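Beneath this line is the structure, given in structure tokens, with notes to follow.
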Amino acid sequence: MNYLFGPVPSRRLGLSLGVDLVPAKTCTFDCLYCEVGPTTTLTCRRFPFQVAEIQAELAAYLESGGSRPDVITLAGSGEPTLNAGLGEIISIVKNLTEFPVAVLTNGALCHLEEVRRELAGADLILPSLDAAREETFRRVNRPAAGLTLAGIIDGLKSFRREFPGQIWLEVMVLKGLNDQEEELAPLRQVLRELAPDKIQLNTAVRPVVDDLAQPLNEAEMAQVAAYLDNGAEVIAACRRRAAQSAVTDDAFLAALARRPMTARDLAQALGMNLNQVQQRLDRLNEAGLVHLDHYPRDGFYRSASGAHH
């Protein structure tokens, strides 16, 4: 599959069938902590991208009787709102399937009325906001020229007023970058003003672009959640799924081409026994088809050939 990936386990959404809406890695940010890798095309310019091809691939997947996801997530290897066909793609997904449609976005383009209008067709929007101070925003998210934190926050406020669905806002908390009280106090105020349906706290548990992005431990994350209040929660581990048989090596490699995953992640995504998954990964590693990285304590596997595009 060129544009679909998974279903993969998501700590926020359960089993998610991802739809990649932009070429890797095209984004409005070049975040220190991105698990996909460094941004190669840093831009705010929207462009049409493969709407018909995405529609055909999704229709073929649904007709094939593949694993049933909990949600279809428009995301992928960059910022999905850069695709000028976003509204059309959301309509296509809603027409093809009964599964909820989520959009995983950094929220950078919500100041554009056209983007807010297109996003309105989805069921769930998952934007991010990692800082309430411009200096910290620039250090952590490294935005494209023309973007300001004030403009992004205003766009999110406008979207909150207009959008009838659910908004789950993610905050990536990083050691020594945005976990101090002088960073969290203004963020707490902005979160109160935005009033998302959920505030979900994450930290750098996967391989990152820059080693400046260091994770907090569980106790530290709990302290941040308590300080931010407003119902802030630390994102929980994903749910386990029923077993699925006859999973091919290609399914392993396709999953790992999109993002690094642990053996446990893959077991949950593919519905397999953890020992079986580990044995398969060991074999693929010996064959040079996957690479194993340790970060910070867990072993993450990547496809040796990169993304399948």
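The values are calculated or read from the model by the stated rules, or taken from the named source; none is laboratory data. None of these values were measured; they are calculated from a predicted model. Backbone-built Cβ (ideal geometry, glycine too); neighbour counts: all protein chains shown. Surface areas here come from the heavy atoms of the whole protein model, side chains and all, with no ligands, DNA or RNA. Shrake-Rupley method; radii C 1.70, N 1.55, O 1.52, S 1.80 Å.
Reported count of residues in region 202-224, each being in contact (Cβ under 8 Å) with a residue 24 or more places away in the chain, surrounded by fewer than 19 Cβ atoms within 10 Å (Cβ to Cβ) and not in a loop (DSSP other than H, G, I, E, B), is 1. For region 185-195, residues that are without any contact (Cβ under 8 Å) to a residue 60 or more places away in the chain and in contact with a Leu (Cβ under 6 Å, 6 or more places away or on another chain) total 1. Hey, does region 269-283 have a residue that's modelled with pLDDT under 80, open to solvent by less than 20 Å² (accessible area, probe 1.4 Å) and in contact with a strand residue (DSSP E or B) (Cβ under 8 Å, 6 or more places away or on another chain)? Yes: one or more hits. Kindly evaluate I89 against the criterion of being farther than 23 Å from S158 by Cβ, open to solvent by less than 10 Å² (accessible area, probe 1.4 Å), in contact (Cβ under 8 Å) with a residue 24 or more places away in the chain and not in a loop (DSSP other than H, G, I, E, B). For I89, the condition - farther than 23 Å from S158 by Cβ, open to solvent by less than 10 Å² (accessible area, probe 1.4 Å), in contact (Cβ under 8 Å) with a residue 24 or more places away in the chain and not in a loop (DSSP other than H, G, I, E, B) - is not met.
Table: residues versus (1) modelled with pLDDT under 95; (2) on the phi < 0 side of the Ramachandran plot; (3) crowded, with 19+ Cβ neighbours inside 10 Å.
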{"site": "F5", "(1), (2), (3)": "yes, yes, yes"}
{"site": "S10", "(1), (2), (3)": "yes, yes, yes"}
{"site": "E35", "(1), (2), (3)": "yes, yes, no"}
{"site": "C44", "(1), (2), (3)": "no, yes, no"}
{"site": "V51", "(1), (2), (3)": "yes, yes, no"}
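Just to be sure before I move on: is G176 within 13 Å of T28 (Cβ to Cβ) and out of contact with any strand residue (DSSP E or B) (no Cβ under 7 Å at 6 or more places or on another chain) in the structure I sent? It is false that G176 is within 13 Å of T28 (Cβ to Cβ) and out of contact with any strand residue (DSSP E or B) (no Cβ under 7 Å at 6 or more places or on another chain).
Scanning region 120-151 for residues that are among the polar types (S, T, N, Q), surrounded by fewer than 22 Cβ atoms within 10 Å (Cβ to Cβ) and touching a strand residue (DSSP E or B) at 6+ places or on another chain (Cβ under 9 Å) turns up just one, S128. Here is a check on your reading of the model: is S158 open to solvent by 10 Å² or more (accessible area, probe 1.4 Å) and either closer than 21 Å to G231 by Cα or in contact with a Gly (Cβ under 8 Å, 6 or more places away or on another chain) (or both)? No, not satisfied.
Only one of the numbered conditions (1) in contact with a Lys or Arg (Cβ under 7 Å, 6 or more places away or on another chain); (2) at positive phi; (3) modelled with pLDDT of 75 or more is not met by V290, and that is (2).
Residue count for region 62-85 under the criterion of being in a helix (DSSP H, G or I) and open to solvent by less than 30 Å² (accessible area, probe 1.4 Å): the result is 3.
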